[in-house]
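Below is one structure, written out as structure tokens; the observations come after it.
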Amino acid sequence: QRGRNQLQFYSEALDLAVRRRQHIATGLRQALELEQFRLFYQGKFNAHTGVLEGMEALLRWQHPQDGLIAPDSFLPIAEELGMMDAICEWVLQTACQQTQLWLQQLAPGRRLSIAVNLSASQNLREKLLQQVEIALLSSGLPAELLELEITENALIEKPRELAEVLEAVAAIGVTLSLDDFGTGFSSLEHVKDFPIKVLKIDKSFVAGIEQDERARRLLAALINFASGFDVLSVAEGVETEAQAQFCREHGCHLLQGYLYCKPMPPEQFMTQFLQPL
Ligand code: C2E
Ligand code: CA
Ligand code: CA
Ligand code: CA
């Protein structure tokens, strides 16, 4: 009797998960066409001056029934559906255009960089270079203001092919940064083998430093590692003034996190951070 109940429970839960997946997949296939994707922007601030130096673009899906959906809930499915190339193209175009638009409204000479995330299983071959070049050309954004955030795990899969593409992208002036630094495998090698200019220290290393001396030492070591390699360090997930102060004192260059701002729609970001004067 018990076995039968359990079996039934299990199959119902599974059924629900499968239906949820299918629901997402069906909607995703049309999301680009129906213009349901949104980019939210989160600022990156100079740790010492507090000046806004750039933004990270974070993808959201404005679902007609379910509301705003976070990337972790739909990107894995988009990957399985082979949609990542198309999504990446849209993200690059949209982020570059938006940033160029903002730059035109700001004081001349004001610098503002834009960072776009690339996913691990994405087709990181010739297509990426092409997509980047098109996004830059059609928006008019200088290559120096575009940054691509790549996770360590993306670098593990096809190191040789990837190195060539990343060299090519770096050669046109685009900045490469290593996202979620410290959470993947053989992190240290990647900094040597790829043209990485920025290390983004994962938020898991920032959380909890207030309570834990060992966590503090680890974070300090990661920041030191970055400066030892002459790369910029960004601390992500900075939520408290104490965390910001610790990062600052240990020489971290840029800070990003809820303490400064949450990711928000472009109109709101502009009102809050990009008013002239
Ligand atoms: P990520 O690139 O590591 O982005 C950082 C995540 O931390 C974001 O979650 C951001 O909203 C969140 N975050 C920012 N500040 C804080 C903070 O102070 N505290 C905490 N607890 N969290 C903070 P989000 O927006 O849900 O994105 C999740 C992941 O989805 C990203 O992780 C990135 O890997 C991926 N992603 C987002 N947009 C894109 C995209 O356009 N393309 C690709 N391929 N991946 C994307
Ligand atoms: Ca990122
Ligand atoms: Ca990250
Ligand atoms: Ca992450």
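Taking amide H atoms as placed 1.01 Å from N in the peptide plane, the amide H of Ser233 lies under 5 Å from those of Leu199, His253, Leu254, each 5 or more residues away in sequence or on another chain.
Of Met264, Met270, which has the most accessible area and how do the rest follow, probe 1.4 Å? Intermediate results must be reported in sequence, preceding the final value.
Numbers: Met264 15, Met270 60 Å².
Result of the area sort, largest leading: Met270, Met264.
The number of Lys pairs in the chain with C-alpha atoms less than 18 Å apart, excluding pairs fewer than 8 positions apart on the same chain, is 9. What is the Cα centroid distance between segment 14-28 and segment 37-99, reported in whole angstrom? Value for the Cα centre distance between the two parts: 22 Å.
Toward the positive end of the charge dipole of the chain, with +1 on the Cβ of Lys and Arg and -1 on the Cβ of Asp and Glu, the farthest Cα among His48, Pro266, Asn117 is that of Pro266. Rounded to whole numbers, the Karplus 3J(HN,Hα) couplings from phi for segment 255-268 are 10, 9, x, 4, 4, 9, 5, 7, x, 9, x, x, 4, 5 Hz, using 6.51 cos²θ - 1.76 cosθ + 1.60 with θ = phi - 60°, and x at Gly and Pro. Partnerless cysteines in the chain, where a partner means another cysteine C-beta under 4.7 angstrom, comprise Cys88, Cys96, Cys261.
Using the Karplus relation 6.51 cos²θ - 1.76 cosθ + 1.60 with θ = phi - 60°, the per-residue 3J(HN,Hα) values for segment 87-104 come to 5, 4, 4, 5, 4, 4, 4, 5, 5, 5, 4, 4, 5, 4, 4, 4, 4, 5 Hz, with x marking Gly and Pro. Among Ala143, Ala221, Ala135, the largest mean-square fluctuation in a Gaussian network model of the chain, built with springs joining Cα atoms closer than 10 Å, belongs to Ala221.
Can you put Glu164, Glu239, Glu33 in order of accessible area, largest first, using a 1.4 Å probe?
Working: Glu164 130, Glu239 110, Glu33 155 Å².
These residues rank, largest area first, as Glu33, Glu164, Glu239.
Take Trp90: with every protein chain present and a 1.4 Å probe, its accessible area is about 70 Å².
Please report, to one decimal in angstroms, the Kirkwood hydrodynamic radius of segment 145-277 built from all distinct Cα-Cα pairs. Every distinct Cα pair counted, the radius reaches 15.9 Å. Shape class of segment 191-241 from the alpha-carbon gyration tensor: prolate, with a/c at 1.5 or above and a/b greater than b/c.
Charges only on Cβ, +1 for Lys and Arg, -1 for Asp and Glu: so what's the dipole of the chain about the Cα centre, in debye to the nearest 20? Provide the component values of the computation, followed by the final result.
Values: 24 positive and 36 negative charges, 99 e Å.
It comes to approximately 480 debye.
Stretching Arg29 away from Leu106 to a fully extended chain increases their span by 24.0 nm, per 0.36 nm per residue minus the current alpha-carbon distance.
The values are calculated or read from the model by the stated rules, or taken from the named source; none is laboratory data. As the structure is a computational prediction, the values presented were derived from the model and not from experiment. Cβ atoms come from the backbone with ideal geometry, glycine included; neighbour counts cover every protein chain shown. Just so you know, the surface numbers come from the protein's heavy atoms only, side chains and all, with ligands and any DNA or RNA stripped out. Shrake-Rupley method; radii C 1.70, N 1.55, O 1.52, S 1.80 Å.
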